[in-house]
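Worksheet for the structure shown next.
The values are calculated or read from the model by the stated rules, or taken from the named source; none is laboratory data. Keep in mind it's a predicted model, so treat the numbers as computed, not measured. Ideal geometry is used to build each Cβ from the backbone, glycine not excepted, and the neighbour counts take in all protein chains shown. Ligands, DNA and RNA are excluded from the accessible area calculation, which covers all protein heavy atoms including side chains. Shrake-Rupley method; radii C 1.70, N 1.55, O 1.52, S 1.80 Å.
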Amino acid sequence: MKYARIVCAAALSAALFEFAAAPAAATEFKIDHHLPSNPSTVVSGYFSAETPPVLRVKSGEIVEIDTISGGGAGRPGEDPEKFFRDNGISLDLQVVKDILAIRKEVPPSGIRGHMMTGPIFIEGAMPGDTLEVRIVDIKSRAPYGINSGRPGSGGIPDLVPRPYSKVIKLDLERQVAKFSDTIEIPLHQFQGVMAVAPTKDRGKLGSSPPYPDIGGNFDNKHLGKGATIYFPVQVEGALFQTGDPHAAQGNGEISVTAIESSNTVTIQFIVRKDLPLKVCRAETPTHYVCMGLDVELNLAMRMAITQTLEFLKEKKGLEFFDALSLASVGVDFEVTQVVDTTKGIHAMIPKSIFKDNTSSTYWYQPATNTYALTP
């Protein structure tokens, strides 16, 4: 049995990012469930309230989730093994076996999107609650990744003359991507897609764009190990799915892809009855994260600004003009991605600027590699 060192609070705080009176007591938690990626545990391309869950967990439990990237396995009718043979990738790797089995046995849904593992039903989660998703750990499953682009897509859709695909080998021991003989990129794994199910009346929502209220294809490189994402629950059980695993990405994801690879992500799920939210929020060890999403980048920026001002008012007690001033002088607004139809801006609010530190519930302590609800 695998175990993870976790330190967590005896009770959750009363509201997002609010102060806990004392450090939590240390407790060792086992990884409660392992969810593999295989033809019976993946969804092709969409989120839906009517997709049967493949796993049921309790609030507070930790789940190790295998995810795959289908890049390189070919289109229907093509030899799915050719890519792996041509690039010296063993067909005996478990992740390759998963990809080939899923490609063979899971029919296309007709909705363009991602292969996602799930859904996971979290007991006790009801509409109006918030699902707190803690990224306890995340690791690459494969020694390779792919970056690609095509005409009509990405940040310069009119300037890309032809489709391309670049295979990038990953040195998992050194945690670098070997872009070339003279260029290495540090790995920073994260899940491009994380979401809960929409309400039943919305039907099947494709996984290509992100959605403000359920999540989806955020493609936000800051949401890796140590991050927490907060999802407004829409249906009983939340029905969480994740996919689009990345080994590394630059802000913007301008070609239309990152280093698309396959990950195992370890997540602790916590149902929050005390935290009503209408849109997703997040935090990292160093920043609070407010997100703006829209098909127009300027409107995504507007949403990121208004969400930041709302956060500073609610959690820091700042009136409008002080919040606007602080956001202008102390907050970074970064382009998340410009390639998913619905574009993204994320506001990075540094925790270090708040000297009273009365709003941090952040649980990951990178210096000690432990997890704690601390002031």
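In region 190-221, of all residues being more than 9 Å from the chain's Cα centre (by Cα) and either among the basic types (Lys, Arg) or under 23 Å from Lys351 (Cβ atoms) (or both), the one that is least open to solvent (accessible area, probe 1.4 Å) corresponds to Arg202.
In region 112-135, is there at least one residue being more than 21 Å from the chain's Cα centre (by Cα), within 23 Å of Phe83 (Cβ to Cβ) and not β-branched (Val, Ile, Thr)? No.
Annotation note: Cβ proximity below 6 Å between a residue of region 48-59 that is in contact (Cβ under 8 Å) with a residue 12 or more places away in the chain and of a type in the set (A, V, I, L, M) and a residue that is assigned to a loop (DSSP other than H, G, I, E, B) and open to solvent by less than 50 Å² (accessible area, probe 1.4 Å) (sequence gap 6+ or interchain) occurs for Ala49/Ala197; Ala49/Val235; Val54/Thr41. Have a look at Leu275, Leu293, Leu312, Leu299 and point out the one that is modelled with pLDDT of 95 or more and over 30 Å from Gly154 (Cα atoms). Result of the check over Leu275, Leu293, Leu312, Leu299: Leu312.
Residues in region 113-135 that are more than 20 Å from Tyr46 (Cβ to Cβ), open to solvent by 10 Å² or more (accessible area, probe 1.4 Å) and of a type in the set (A, V, I, L, M): 1 in all. Total residues in region 298-340 satisfying the condition of being closer than 16 Å to Arg281 by Cβ, outside any helix (DSSP H, G or I) and among the polar types (S, T, N, Q): the figure is 1. In region 147-189, the qualifying residues are those that are in contact with a Phe, Trp or Tyr (Cβ under 9 Å, 6 or more places away or on another chain) and open to solvent by less than 20 Å² (accessible area, probe 1.4 Å), and the one that is nearest to Ala227 (Cα to Cα) is Leu170. The residues of region 69-123 that are more than 17 Å from Gly192 (Cβ to Cβ), of a type in the set (A, V, I, L, M, F, W, C) and in a loop (DSSP other than H, G, I, E, B), listed by number, are Ala73, Ile89, Leu91, Leu93, Val106. Mind listing whichever residues of region 315-348 are touching a residue at least 24 places away in the same chain (Cβ under 8 Å), open to solvent by 20 Å² or more (accessible area, probe 1.4 Å) and within 25 Å of the chain's Cα centre (by Cα)? Of everything in region 315-348, those that are touching a residue at least 24 places away in the same chain (Cβ under 8 Å), open to solvent by 20 Å² or more (accessible area, probe 1.4 Å) and within 25 Å of the chain's Cα centre (by Cα) turn out to be Lys315, Phe333, Glu334, Val335, Val338, Val339, Thr341, Thr342, Lys343.
Selection over region 74-112 of residues that are surrounded by 12 or more Cβ atoms within 10 Å (Cβ to Cβ), small (Gly, Ala, Ser) and modelled with pLDDT of 90 or more gives a count of 1.
Out of curiosity, is Asp274 open to solvent by 10 Å² or more (accessible area, probe 1.4 Å) and in a helix (DSSP H, G or I)? Here the answer is no, as Asp274 does not meet what is asked. Among the candidates Ser148, Ser140, Ser165, the residue that is in contact (Cβ under 8 Å) with a residue 40 or more places away in the chain and closer than 21 Å to Thr342 by Cα is uniquely Ser148.
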